[in-house]
Number of protein chains: 2
Amino acid sequence: MYDLREESSSKCWGGYQKVYSHFSKELNCRMNFGIYLPEFLLNSNNKEKAPVLYYLSGLTCTEQNFIIKSGFQRYASELKLIVVNPDTSPRGCNIEGEDTDWDFGTGAGFYVDSLTEKFKNNYRMYSYVTKELIQLVEDNFGDFIIKGCRAISGHSMGGHGALISALKNPGLFKCAAAFAPISNPINCLWGKKCFSGYLGEENKNLWANYDASELVAKYKGPDLKIRIDQGADDPYLNDQLKVDNFVKACQKSNVPINYYLHEGFDHGYFFVSTFIPDHFSHISKILYSKN
Amino acid sequence: MYDLREESSSKCWGGYQKVYSHFSKELNCRMNFGIYLPEFLLNSNNKEKAPVLYYLSGLTCTEQNFIIKSGFQRYASELKLIVVNPDTSPRGCNIEGEDTDWDFGTGAGFYVDSLTEKFKNNYRMYSYVTKELIQLVEDNFGDFIIKGCRAISGHSMGGHGALISALKNPGLFKCAAAFAPISNPINCLWGKKCFSGYLGEENKNLWANYDASELVAKYKGPDLKIRIDQGADDPYLNDQLKVDNFVKACQKSNVPINYYLHEGFDHGYFFVSTFIPDHFSHISKILYSKN
């Protein structure tokens, strides 16, 4: 049904970094995702299982960037987390204009379900991440997984994806976290460009359904234990990310948030890799807690 | 004299990952190198200094691969090491044929001083690494550096470069180490191809001067405290790397070596990143020891 194929597998720290490809019904194309499996899960006499952290990447990324640049494997191994990280858009759909800009189309799916004629048959990253990918992972790696024990995080556009996926699906994830998320896309250029292309100007009233700052104001559901790590020297912070707007919206609606602003750090993987240990540790504690 | 320019600087763990470019007299072109500076060195009231680890990369790499993929910055920061990593060949010299193959020419300087008419004005990576780069670093970052306190390591072709640089210059480095080094290049295809092109068939009697297994047999000098980390599932181990030949040559000539063969690991950066902590810890202990 998924036509799942293992594309690569390498030992890394105490586990295996693998990449799989499969056919996606939501996106109408083949997709890659990374999965890191701590080694103890693979021992023949193991009976333990592990929670799953879904991690969404930012503009221009494939599944490779996070795997190669973040160094997360050490901490996933130590903290006993399975980590699944998908690509950031459908690939090779031959839609006119999808490869013109780095911040729209290929590599920039923006984790929405497209409504426009041109994109609606392929650009459905929201349903891909929150439904199809989770189902695929649980169908194929179910022996390793603590049922229903999931978290979601991501970086930049992927941080936006993580926050909205959790806020729109109360109970699906025990924890939502992000590095430098695009926090109020209806009020920044990156967001406006993608929402305009994927959702359409004619549906502007629906854009707020994919905006974390708008969604959190109306959130009713279990505590999401949100954590955001942000570089204070991130050049995109004020114009594109607008994390302050999200933090204020959380406070206004009494949604607990841990917000860490790190002096001197910028927007890139040097920032992400530095705070992966604390970020993952926060997530792991929540996933392994009894509540 | 060097026309040194800072090309980038990002905070990463407890320090700054920088890239500089400069004009190289040895190579007759502009070159990039990475330098990681632990933050304490940059504090205005700091009086401490640090040793320097030179790290050489493998075939096809620029200075970026190690910086992005290995995650070394955490350990350099914790162990108080300055890490300098150059590019792997001259760039843009417009020599006919230098961009045809991935394992010869651009990205494959092989850390030798070329003798052939075609390459001898540019492909002088041996002198670049062991003389010009060290001089440049000490001239420009001298305030941060414990004088004469250096180690050298590298990966694959860079492991070869590290071993020969240390073996040919007794006393220049307090420690030589390598990940999966090409250990006996005169007896493998990668080595023969590059030695043939850079040194020439007519100078075959000189090839052994750049072969670690040959050099260690004749080594007379201070103890080099050699450490090699090797993946047991590395597909290049038997045909190209021939690490066994080097280990045997060390034992035959009573040169102490720590050789760690790691079950299940392959040749790539997932292997390197897993063992960077132990590898760097070994090097740091030697550099900070009083002897």
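The values are calculated or read from the model by the stated rules, or taken from the named source; none is laboratory data. Predicted, not measured: the structure shown is a model, and the values here were computed from it. Every residue, glycine as well, gets a Cβ built from its backbone with ideal geometry; the counts of neighbours run over all protein chains shown. The area values use the complete protein model at the heavy-atom level, side chains included, leaving out ligands, DNA and RNA. Shrake-Rupley method; radii C 1.70, N 1.55, O 1.52, S 1.80 Å.
Net charge of the neighbourhood of residue A:259, taken over other residues with C-beta under 10 Å away and scored Lys/Arg +1, Asp/Glu -1, is -1. Within straight-line reach of residue A:252, meaning a Cα separation under 27 Å, sit the following lysines at least 8 residues removed in sequence or on another chain: A:168, A:174, A:192, A:204, A:218, A:220, A:225, A:242, A:285.
The aspartates and glutamates within cross-link reach of residue B:120, meaning a Cα-to-Cα straight distance under 15 Å and a gap of 8 or more places when in the same chain, are B:26, B:96, B:98, B:201, B:202. Net length available on complete extension from residue A:101 to residue A:281 is 61.2 nm, with 0.36 nm assigned per residue and the Cα-Cα distance removed. Would you please classify the overall shape of the protein assembly as shown from the alpha carbon gyration tensor, given that a ≥ b ≥ c denote the square roots of the eigenvalues, rounded means a/c under 1.5, and beyond that prolate means a/b larger than b/c while oblate covers the rest? Prolate. Only helices enter this figure: runs of n ≥ 4 DSSP H residues, each worth -39500 (n - 2.57), summed and divided by the residues of the protein assembly as shown, yield -7500 deg cm²/dmol at 222 nm to the nearest 500. Would any residue of the range A:152-184 have its amide N under 12 Å from a label point 7 Å out along Cα→Cβ of residue A:218? List them or say none. Only A:168 fall inside the zone, counting backbone N under 12 Å. Less than 11 Å from a label point 7 Å out along the Cα-to-Cβ axis of residue B:239: which backbone N atoms in the range B:169-193 qualify, by residue? Correct set: B:189-190.
Label-point spacing at residue B:40 relative to the other copies reads 3.4 nm, in ascending order, each point sitting 7 Å out from Cα along Cα→Cβ. Rounded to the nearest 5, what is the percent of antiparallel bridges among the DSSP beta bridges in chain A? In chain A, approximately 50 percent of DSSP beta bridges are antiparallel ones.
Taking both sides together, the accessible area buried where A meets B is about 1800 Å² for a 1.4 Å probe.
Taking a sphere under 11 Å around the Cβ of residue A:176 and counting the other residues whose Cβ falls inside, with K and R at +1 and D and E at -1, yields a net charge of +4.
The alpha-carbon of residue A:11 sits under 18 angstrom from the alpha-carbons of these lysines, leaving out residues fewer than 8 places away in its chain: A:69, A:80, B:69. Computed over protein heavy atoms with a 1.4 Å probe, the carbon and sulfur contribution to the accessible area of chain A reaches 47%. Summing charges over neighbours of residue B:38, with a neighbour being any other residue whose Cβ is under 15 Å away from its Cβ, gives +2 when K and R count +1 and D and E count -1.
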